[in-house]
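The values are calculated or read from the model by the stated rules, or taken from the named source; none is laboratory data. These numbers come from a predicted model, not from an experiment. Positions of Cβ are backbone-derived with ideal geometry, glycine not excepted, and every protein chain shown enters the neighbour counts. The protein model used for the area step is the full one, side chains on, heavy atoms only, and it has no ligands, DNA or RNA in it. Shrake-Rupley method; radii C 1.70, N 1.55, O 1.52, S 1.80 Å.
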Amino acid sequence: MQRPSIGFIGFGEAGSAIAGGLRSAGVDRLYAFDINADAPPFGPRIRQRAETSGTALLASSGELAKASDLVFSTVTSSAALDAARQTEPFLESRHMYADLNSVSPARKQEVGAVIVAAGAAFVEAAVMAPVAPYGHRVPMLVGGPAAPRFAELVAPFGMRVEILATTTIGAASAVKMCRSILVKGLEALMCECVLGASQYAADDHVFASVNESFPGIDWKKLADYMIGRVAVHGERRARELEEVAETLRAIGVEPIMAEAAAKRQDSIARLGVSTRFGPEGPRTYRDLLDAINEVRGV
């Protein structure tokens, strides 16, 4: 598998960004299967992503497995196990299946069991930063017995892969999930802060004060970035935080903050303002506030 053909199950923002990067790095055989490729409203965007990245869209999991050596699963967190089960009948010993989805350690283990039962190699991958700015070079933690072979396989294309010392499936996901409590929790705090402060024209003063207390960070600029991500990806982030909450509860930790952050992220998503912005989201948090006020008729 010196120059593998690479397939993507799911071709949303993450999968298409990685595919585009791999194309620029010299991968000439890229394939994708997405159940929404022909369904409105997602179909046109998926087909445009495929055309832009030079990726051939296929009609089924079976076609994808036949065409690919290395398979990336980049679906929604709730669909990770179903995607593995639907692909499993078509996998062979020549395949390597890398699950990049943000799911719990227990779910990664379930997915891994399905793939290994088919005779294919399984790699747990945790994506540790937003994919869009990095493409295929987004930092990843990988684990499992096949992780060293995966890292060797993708190294020629410039992928940034860190192999965990343990081969236990679920360890990389645990790192990602605990990081999400902090990062996605801070996003939720930023949203709640500006929703309240803006009602009193206090937001500039709040950020000036925080800048003095925690120098070295431009907190207003950070708010623009974080709140912009929530505006576009709040629903997905909420589902990921719900996975975090389930994981914490299973190990005896009450997920007070994870559940609260999920609720705030979901509240922004349910406003339905993401369609007012492009894929990069609002330029500033005030753009989002204006959209929210318009929706509410303020």
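The accessible area of ASP82, taken with all protein chains in place and a 1.4 Å probe, comes to roughly 80 Å².
Taking the Cα centre of region 220-298 as the origin and placing charges on Cβ (Lys, Arg +1; Asp, Glu -1), which of MET257, ALA291, ILE227 is farthest toward the positive end of the dipole? Comparing the listed Cα positions along the dipole, ALA291 ranks first. A Förster radius of 25 Å, combined with the Cβ-Cβ distance separating THR166 from LEU189, puts the computed FRET efficiency at roughly 0.20. Taking the chain as the region of interest, the number of lysine pairs whose Cα atoms are within less than 19 Å, with members eight or more places apart or on different chains, is 5. Of the residues PHE157, PHE122, PHE214, the one that moves most in a GNM of the chain with alpha-carbon contacts below 10 Å is PHE214. Over region 1-93, what percent of the accessible surface lies on carbon and sulfur atoms, probe 1.4 Å? Summing carbon and sulfur atoms, their accessible area is 51 percent of the total for region 1-93.
Take every pair of alpha-carbon atoms less than 8 Å apart whose residues are at least six positions apart; their mean separation over the length of the chain yields a relative contact order of 14 percent. The modelled label-to-label distance between SER78 and VAL253, using points 7 Å beyond Cα along the C-beta direction, is 2.5 nm.
Only bridges with both residues in the chain count here: give the DSSP antiparallel percent, nearest 5. Please report the intermediate quantities before stating the final value.
Details: 4 of 25 bridges.
Expressed as a percentage, antiparallel bridges in the chain total about 15.
Estimated purely from DSSP H runs of n ≥ 4, each contributing -39500 (n - 2.57), the mean residue ellipticity at 222 nm for the chain is -17000 deg cm²/dmol once divided by its residues. Taking every DSSP bridge with both residues inside region 95-215, close to 35 percent are antiparallel. In this view, the solvent-accessible surface of HIS205, computed with a 1.4 Å probe and all protein chains in place, comes to about 140 Å². Taking only protein heavy atoms and a 1.4 Å probe, the accessible area of region 151-268 is 59% carbon and sulfur. Comparing GLU212, GLU246, GLU92 in a Gaussian network model of the chain where C-alpha atoms under 10 Å apart are linked, the largest mean-square fluctuation is found at GLU212. The candidate values were (1) 188; (2) 120; (3) 135; the one computed from these coordinates for volume of the Cα convex hull per residue in Å³ carries the label (3). Gap in Å between the Cα centre of region 64-90 and the Cα centre of region 244-261? Between the Cα centres of region 244-261 and region 64-90 lies a distance of 28 Å. Rounded to the nearest 10 square angstrom, PHE90 shows an accessible area of 90 square angstrom against a 1.4 Å probe. Between region 110-165 and region 218-242, the alpha-carbon centres lie 25 Å apart.
Calculated on the Cα set of region 165-242, radius of gyration then Dmax: 15.5, 52 Å. Rolling a 1.4 Å sphere over the protein heavy atoms, what is the accessible area per residue of the chain, to the nearest Å²? Accessible area per residue, the chain: 48 Å². Seen against the Cα atoms of the chain and their longest principal axis, helix 43-53 is set at about 70 degrees. In plain terms, if you count all Cα to Cα distances in region 159-298 and split them into 10 Å steps from zero, the share in each step is 11, 36, 32, 17, 4, 0 percent. Figure note: TYR285, TYR225 ranked by solvent-accessible area, largest first, 1.4 Å probe, ligands and nucleic acids not counted: TYR225, TYR285.
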